[in-house]
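The values are calculated or read from the model by the stated rules, or taken from the named source; none is laboratory data. A quick note: this is a predicted structure, and the numbers were derived from the prediction, not measured. When we count neighbours, we look across all protein chains shown, and the Cβ atoms used for this are built from the backbone with ideal geometry, even at glycine. When the accessible area is computed, the model is the full protein with side chains, heavy atoms only, and any ligands, DNA or RNA have been set aside. Shrake-Rupley method; radii C 1.70, N 1.55, O 1.52, S 1.80 Å.
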Amino acid sequence: MTSTKDMKITIIGLGYIGLPTAAIFAKSGMTVLGYDINEKVINALNQGKIIIEEPGLEDLVNEVVEEGKLKGISKLEEADVFIISVPTPINKDKTANMDYVRKAAESIVPVLRKGNIVVLESTSPPESTEKIILPILGKSGLDIGEEVFVAHSPERVLPGKIIQELIESDRIIGGINEKSAQLVKDLYSVFVKGEIFTTDSKTAEMCKLMENTYRDVNIALANELAITCEEMGINAWDVITLANRHPRVNIHQPGPGVGGHCLAVDPWFIVERQIKGNIIKLARETNDNMPNHILDKLREIFPDGNAKISILGLTYKPNIDDMRESPIVNLVKLLKENTRFALSLHDPHACKENFELGNLMLDSLYDVVKDADLMILAVNHNEYKNIDFKKVAKLMKDKHIYDTRNFLDEASLKDLGFKITLLGRD
């Protein structure tokens, strides 16, 4: 078998995980091919450019492309390793859509050869490697597990720190057998500085899902606390701060919902396989319902429905461009479909072209808040720390702010005559 350092790797899917993974393998000295069905992604890659926002990634991509270590391809060819890093979106019925994974696995079969390694990185329901990947690869006629080695190795990174965390975080390798697990461990050892643990594929799949489910359930607890505190006239943020002084308590923060392709999706992958148990499903429903809770609050503030509402922030979390499963995007859609409110939107990171209601987005925050009856602070981007609220006060029709993140300095805003509505208190 080819030594690890001399292996040619093909990454299938060049999104938020696939592209950084490809670039890091290339930086480690390996020859890497990046495959994607999006020609725009391939063309940008071969120019050393990227079309997503991630600190440090474009410089790294440009470096390894110039060195000839990373190249974008539009047709798969033979390689030593195939890493599947394609999306696993959620269907309307909250089950996993594994179509991209199936197509990726099927595309490998014609170029698969003895000694190859296939890794599924895409987050998937338990048993996906065994029940989806293996039967498809078996069509090659090769002995899967003896002639072709397969594992699931999920990423566990934070957007904005993807490169750092891919390298430094511990990694789980779930092999279909011990030999597969060890070979894939050797592969990732090329760049992973954290500890690498081996297990079976089902355990690795469940570990990834539970890591995000743990956080989703905790956020749901915080959101339920926030709603309860609003009804009782208690400040949930104070409760959380004080309760977390207990050495064994760590309540997360409430907000307008949970988004992204991990926390808002992964728990459903467990629910679809669950026979008993309700906590995970209830937590998901609680977090998914937060945009509706905000909609109800807006109807309470403006019962006649006549108001202009300005929303600051559209991405699913601060300081990134990712809008996947964003609760704020869902809120905007709810408002458009169910109210007569006039809307104006701002986000310094989000791309208008990636949002079907992008026509409501304006480049200038101050144009967005002009003549507004209410400004909603929906995402706590760093840029919103530097808002000139004296200027905002002169532009708004009614000086009223709904802070869904407990982000703004309430005392200074009140000095300027603003009324503040705070999620989790009012």
Can you name every residue in segment 400-421 that is open to solvent by less than 50 Å² (accessible area, probe 1.4 Å) and part of a loop (DSSP other than H, G, I, E, B)? THR404, ARG405, LEU408, GLY417, PHE418
Is it fair to say THR315 is in contact with a His (Cβ under 6 Å, 6 or more places away or on another chain) and buried (at least 17 other Cβ atoms within 10 Å of the Cβ)? yes
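Listed here are the residues, each with its yes/no results for (1) modelled with pLDDT under 95; (2) crowded, with 23+ Cβ neighbours inside 10 Å; (3) on the phi < 0 side of the Ramachandran plot; (4) of a type in the set (Ser, Thr, Tyr).
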site	(1), (2), (3), (4)
GLY115	no, no, no, no
SER124	no, yes, yes, yes
PRO135	no, no, yes, no
SER153	no, yes, yes, yes
ILE163	no, no, yes, no
THR199	no, no, yes, yes
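For every residue, the table says whether it meets (1) open to solvent by 50 Å² or more (accessible area, probe 1.4 Å); (2) within 23 Å of ALA22 (Cα to Cα).
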position: SER140; (1), (2): no, no
position: ILE167; (1), (2): no, yes
position: ARG171; (1), (2): no, yes
position: ASN177; (1), (2): no, no
position: SER180; (1), (2): no, yes
position: LYS185; (1), (2): yes, yes
position: GLU205; (1), (2): no, yes
position: ARG215; (1), (2): yes, no
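Those residues that are in a loop (DSSP other than H, G, I, E, B) and either more than 26 Å from ALA226 (Cα to Cα) or open to solvent by 10 Å² or more (accessible area, probe 1.4 Å) (or both), I need them from segment 373-399; list them, please.
Within segment 373-399, ASP373, ASN380, ILE387, ASP388, MET396, LYS397, ASP398, LYS399 meet the criteria.
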Test: residue in segment 94-105 that is acidic (Asp, Glu), under 22 Å from GLY15 (Cβ atoms) and free of Cβ contacts under 8 Å to residues at least 24 places away in the same chain: yes
Pairs, first within 18 Å of LEU298 (Cα to Cα) and of a type outside the set (Asp, Glu) in segment 363-389, second outside any loop (DSSP other than H, G, I, E, B) and open to solvent by 20 Å² or more (accessible area, probe 1.4 Å), C-beta under 8 Å, six or more apart: VAL369/LEU395; ALA372/LYS308; ALA372/LEU395; LEU374/ILE301; LEU374/LYS308
Need pairs with beta-carbon distance below 6 Å; first residue β-branched (Val, Ile, Thr) and within segment 281-297, second not in a helix (DSSP H, G or I); sequence gap 6+ or separate chains. ILE294/PRO256
Give the residues of segment 50-100 that are open to solvent by 60 Å² or more (accessible area, probe 1.4 Å), farther than 30 Å from PRO125 by Cβ and in a helix (DSSP H, G or I), sorted by residue number. GLU58, ASP59, GLU63, GLU66
Can you name the residue in segment 333-347 that is touching a residue at least 40 places away in the same chain (Cβ under 8 Å) and open to solvent by 20 Å² or more (accessible area, probe 1.4 Å) and is also farthest from ILE311 (Cα to Cα) among such residues? ASN338
